């Protein structure tokens, strides 16, 4: 990839956003992180509308399920239904360990589902693993310019 991979982090919890951003910034593979706090903003970012018109498309979306305005399930469904977005990998990063949420996320097209640990050490370890996998091991689809 000629440019740094770009991540869109979608989470309404400022503490989770700050910690995730901090942990991912320490990953060995360089990347850019952008974040939004609700589902409606996520879709505006992804569709490059309004204040996000000049943003590039992310190479990876890390998406919480329980979001204001439009929940993560609706955002995931819209991403995977849009031909210009559907190949963008989406990692669900949620505090919900329920089988209903896990199964439902995969049925909607999630590429992985990771449960947020309830303690700092587990959270850091989990986010580090996400970064190492998606930026160090996985091959991301080519970035679309449209």
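Read the figures in this text as sums done on the coordinates, not as results from a lab. Predicted, not measured: the structure shown is a model, and the values here were computed from it. Cβ sites come from the backbone with ideal geometry, for glycine too, and all protein chains shown count toward neighbours.
Assorted remarks:
- Ellipticity at 222 nm from helices only: DSSP H runs of n ≥ 4 in the chain, each -39500 (n - 2.57), divided by the residue count, give -10500 deg cm²/dmol.
- For the pair residue 133 and residue 19 in one chain, pulling the backbone fully straight at 0.36 nm per residue adds 39.2 nm over the alpha carbon distance.
- Sorted from greatest to least, the principal axis extents spanned by the alpha carbons of the range 6-135 come out as 37, 34, 24 Å.
- Footprinting exposure proxy for 120, 46 (fewest neighbouring C-beta atoms within 10 Å first): 120, 46
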